[in-house]
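I have a structure here, written as structure tokens, and I will follow up with some questions on it.
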Amino acid sequence: MPPKSGKLFKARSVGSPEEVYSKLDGYMTSDKFETELTNINLVTNIEDLQIHQDGVDGVFRYDYVATLINRNGVTEVPVTQDCPFRILWDEHDKALAWILVLVKKSNANRVAVSLGSILNADVREADIYSADMNAYITRNFKTKIVLFDNMDLPGVNKNTIYGEELVQTTLFNEMAEHGTPKWIVTESELHGYTVGLGGDVGVTIYNNVENLEYINFVVKEILPLVK
């Protein structure tokens with residue numbers, strides 16, 4: 001099974017869980033796609049919608065056309081992409097909600113924008129501040145890769161360090177003083193997963209996990225880092 005990826009977004013003005021469910025329930029649109037090779041309707045809809053004490057879950061499903069090139073020419077193939085998501089509400093700020101989309105980042109951005117449009121909500125990228133990322137790295141001492149960005153060293157903008165025990169090194173401490181950790185690969189001390197984590201709250205778990213396990217990990221371990 002491939003790694004499971006997703007991205008977390010913050011949203012305001014989404015309404016209550018009941019209002020969100022009402023707006024998303026039964027949502028469907030269709031757009032005509034017509035070329036010399038293809039004439040089909042591309043459907044976007046929301047399926048498997050559920051409301052429960054932890055939030056609102058569903059699957060954002062959309063069609064697109066992939067262009068395949070082979071020795072016989074060009075073929076256009078309709079493809080359906082399923083994007084599971086969860087919307088949950090902040091414990092301390094009831095006007096703030098979080099949208100977790102369980103697909104790779106490029107697709108997650110599209111889904112988050114679409115959900116924001118349906119809900120008439122202000123959806124934006126979340127981020128992890130460098131201090132919180134550093135704290136997470138040092139808590140998970142099996143961190144193996146750290147990419148530093150925005151380096152204030154002359155002639156150096158980015159720097160990546162690798163190592164089984166890099167958190168304990170002088171080099172890591174020096175880099176943390178001069179740059180922002182933007183992407184890491186670590187082993188979660190709490191869950192035991194090998195995780196790739198970006199400052200834009202893109203999260204990849206390289207272990208074999210189910211959707212609910214992925215969601216629970218992000219909610220319990222990553223959401224507290226996000227501002």
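Being of a type in the set (S, T, N, Q) and surrounded by 14 or more Cβ atoms within 10 Å (Cβ to Cβ) is the filter here; which residues of the stretch 142-189 pass it?
Matches in the stretch 142-189: THR143, ASN159, THR180, THR186, SER188.
Going by the conditions given, is ALA95 crowded, with 17+ Cβ neighbours inside 10 Å and touching a residue at least 40 places away in the same chain (Cβ under 8 Å)?
no
Then there's this: Kindly indicate whether THR29 is under 28 Å from VAL218 (Cα atoms), of a type outside the set (Gly, Ala, Ser) and without any contact (Cβ under 8 Å) to a residue 60 or more places away in the chain.
In short, no.
If you don't mind, there's one more thing I want to ask. Assess whether LYS182 counts as being over 24 Å from VAL59 (Cβ atoms), assigned to a strand (DSSP E or B) and in contact with an Asp or Glu (Cβ under 7 Å, 6 or more places away or on another chain).
Judged against the criteria, LYS182 is a match.
Go through the stretch 143-152 and give me each residue that's in contact with a strand residue (DSSP E or B) (Cβ under 8 Å, 6 or more places away or on another chain) and either among the small types (Gly, Ala, Ser) or at negative phi (or both).
THR143, LYS144, ILE145, VAL146, LEU147, PHE148, ASP149, MET151
With ILE161, ILE184, ILE205 as the choices, which residue is among the β-branched types (Val, Ile, Thr), over 18 Å from VAL103 (Cα atoms), outside the structural domain of TRP89 (by TED's automatic domain parsing) and modelled with pLDDT of 95 or more?
ILE184
Out of the residues in the stretch 23-40 meeting the condition of being modelled with pLDDT of 95 or more and in contact with a Ser or Thr (Cβ under 9 Å, 6 or more places away or on another chain), tell me which one is nearest to LEU115 (Cα to Cα).
Top of the filtered list is TYR27.
Give the residue, chosen from TYR129, TYR193, that is under 18 Å from the mean Cα position of the chain (by Cα), buried (at least 18 other Cβ atoms within 10 Å of the Cβ) and aromatic (Phe, Trp, Tyr).
TYR193
Scan the stretch 52-96 residue by residue and report those that are basic (Lys, Arg) and in contact with a helix residue (DSSP H, G or I) (Cβ under 9 Å, 6 or more places away or on another chain).
Of everything in the stretch 52-96, just one residue is basic (Lys, Arg) and in contact with a helix residue (DSSP H, G or I) (Cβ under 9 Å, 6 or more places away or on another chain), namely ARG86.
Then there is this: Would you pick out the residues in the stretch 185-218 that are outside any loop (DSSP other than H, G, I, E, B) and closer than 16 Å to THR138 by Cα?
VAL185, THR186, GLU187, THR194, VAL195, GLY196, LEU197, GLY198
Any residue in the stretch 40-58 that's within 15 Å of ILE99 (Cα to Cα): show its pairings with residues that are polar (S, T, N, Q) and modelled with pLDDT of 95 or more at Cβ separation under 8 Å, as long as the two are six or more apart or on different chains.
VAL56/GLN50; ASP57/GLN50; GLY58/GLN50
The values are calculated or read from the model by the stated rules, or taken from the named source; none is laboratory data. Owing to the predicted nature of the structure, the values given are computational and were not obtained by experimental measurement. Neighbour counts are summed over all protein chains in view; Cβ atoms, including those assigned to glycine, are modelled from backbone coordinates with ideal geometry.
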